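Worksheet: the structure to be examined is printed underneath.
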Amino acid sequence: MKPDTCNPSNANSSLSDRKDGTGGTLYPVATMTRSDKEQLLHQHGMMIWFTGLSGSGKSTIALGVERELHRRGLLCRILDGDNIRTGINAGLSFSPEDRRENIRRIAEVGKLFVDTGIITLAAFVSPTNEYRQLARNIIGNADFFEIYVSTPLQECERRDVKGLYARARRGEIKDFTGISAPFEAPLRPALDIDTSQLPLQESVRRVLQLIDNIQQPTVNSL
């Protein structure tokens, strides 16, 4: 009778450490590294973190950047309120405690993407330097690039695409950043973009240039 080579108990003993005495894995397999995944994608994982007031243009710029990266054959993932607040963070409020937890979860999810070699774009108000530093600490300083979309409050309120500012002014939304809750400008952002002064195309171009500058040295070494 032929041996059952599909059964691990009858497999060739070239994987010699079949028992580790602790109940651990019988056939240890080396973990795929981040470098392995970046070589497969031929790109460098990173977090581009857009911060700014609601309506400042964070997600709009991120969508433009994603479209161009896709055209270039680079894998990208956007994280924003539409896919985070309706999913993994659906149960969180806008209290200071829940805002912090919101950022923590986003950063942990973002780190998984970055460690897989994916260019990750996060577009969140993230109103305080403490929250953004929390995200930076989780993701890692070398992979975290902060972009301040510094569009003034007056312009954001004028746009008010979702009617949130009007509701906040009427007292219907508590702790709304810019109206009833503060926003702290980043201390040293990688980029500062005011969409009331720059057209979308130029805003996207500047972010792409930043990504290119980060990508090029690393990709050349893969």
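Between Arg104 and Asn137, the modelled label-to-label distance comes to 1.0 nm, taking each label 7 Å out from Cα in the direction of the beta carbon.
Taking Asp36, Asp115, Asp82 in turn, the Gaussian network model of the chain (Cα-Cα springs below 10 Å) assigns the largest fluctuation to Asp82. Scanning residues 5 or more positions from Ile193 or on other chains, those with amide H under 5 Å from its amide H are Tyr148, Val149, Ser150, with H placed 1.01 Å from N in the peptide plane. In a reduced charge model with +1 at each Lys and Arg Cβ and -1 at each Asp and Glu Cβ, region 62-131 shows a dipole moment near 220 debye about its Cα centre. Remark: region 38-43, residue by residue, has Karplus-estimated 3J(HN,Hα) of 5, 5, 4, 7, 6, 7 Hz, where x stands for each Gly or Pro and the curve is 6.51 cos²θ - 1.76 cosθ + 1.60 at θ = phi - 60°. Distance between the C-alpha centres of region 38-87 and region 177-198: 18 Å, rounded to the whole angstrom. Per residue, the accessible area of the chain comes to 57 Å² when a 1.4 Å probe rolls over the protein heavy atoms.
Which value, in nm² and rounded to one decimal, describes the direction-averaged projected area of the C-alpha convex hull of the chain? Provide the component values of the computation, followed by the final result.
Working: hull surface 70.5 nm².
Dividing the Cα hull surface by four gives the mean projection, 17.6 nm².
Within the chain, the longest run free of GluC sites (Glu not before Pro) that sit in a DSSP loop with at most 16 other Cβ atoms within 10 Å is 1-171.
For the chain, modelled as a GNM whose springs connect Cα atoms under 10 angstrom apart, the maximal fluctuation among Val161, Val204, Val149 occurs at Val161. Hull volume per residue, based on the alpha-carbon atoms of region 77-142 and their convex hull, is 78 Å³.
Taking amide H atoms as placed 1.01 Å from N in the peptide plane, the amide H of Ala181 lies under 5 Å from those of Phe176, each 5 or more residues away in sequence or on another chain. Heavy-atom surface analysis with a 1.4 Å probe gives the chain a carbon and sulfur content of 53 percent of its accessible area.
On a 0 to 90° scale, report how tilted helix 96-115 is relative to the longest principal axis of the chain, with both axes built from alpha carbons and the result rounded to the nearest 10. It is inclined by approximately 50 degrees. The angle separating the long axis of helix 58-71 from the principal Cα axis of greatest extent in the chain is about 40 degrees.
The angle separating the long axis of helix 200-221 from the principal Cα axis of greatest extent in the chain is about 30 degrees. Here's the picture: charge each Lys and Arg Cβ at +1 and each Asp and Glu Cβ at -1 in region 19-146, and of Ser59, Ile106, Asn137 the one pushed furthest to the positive end of that dipole is Ser59. Cross-link partners for Lys174 among the aspartates and glutamates, with Cα-Cα distance under 19 Å and sequence neighbours closer than 8 places in the same chain left out: Glu97, Asp98, Glu101, Glu157, Asp160, Glu184. At 37 °C and a viscosity of 0.692 mPa s, what translational diffusion coefficient does Stokes-Einstein give for region 109-211, taking Rh as the Kirkwood radius over Cα pairs? Give it in µm²/s as a whole number. Rounded to a whole number, D works out at 213 µm²/s. Once backbone amide H atoms are built at 1.01 Å from N, Met46 has Ile118, Ile119, Thr120 as its partners under 5 Å, excluding neighbours fewer than 5 places away on the same chain. Only Cα pairs under 8 Å and at least 6 apart count here; give the relative contact order of the chain as a rounded whole percent. Across the chain, relative contact order equals 28 percent. A simple rule links phi to the HN-Hα coupling: the Karplus curve 6.51 cos²θ - 1.76 cosθ + 1.60 with θ = phi - 60°, which for region 168-185 gives 5, 5, 7, x, 7, 10, 8, 6, 8, 4, x, 10, 10, 9, x, 10, 9, 5 Hz, with x for Gly and Pro.
From the P(r) of region 127-175, can you give the percent of Cα pairs sitting at distances over 18 Å?
Numbers: 607 of 1176 pairs.
Distances greater than 18 Å cover 52 percent of the Cα pairs.
The values are calculated or read from the model by the stated rules, or taken from the named source; none is laboratory data. This structure is a prediction, so every number in the text was calculated from the model and none was measured. Every residue, glycine as well, gets a Cβ built from its backbone with ideal geometry; the counts of neighbours run over all protein chains shown. Note: areas computed on protein heavy atoms with side chains; ligands, DNA, RNA excluded. Shrake-Rupley method; radii C 1.70, N 1.55, O 1.52, S 1.80 Å.
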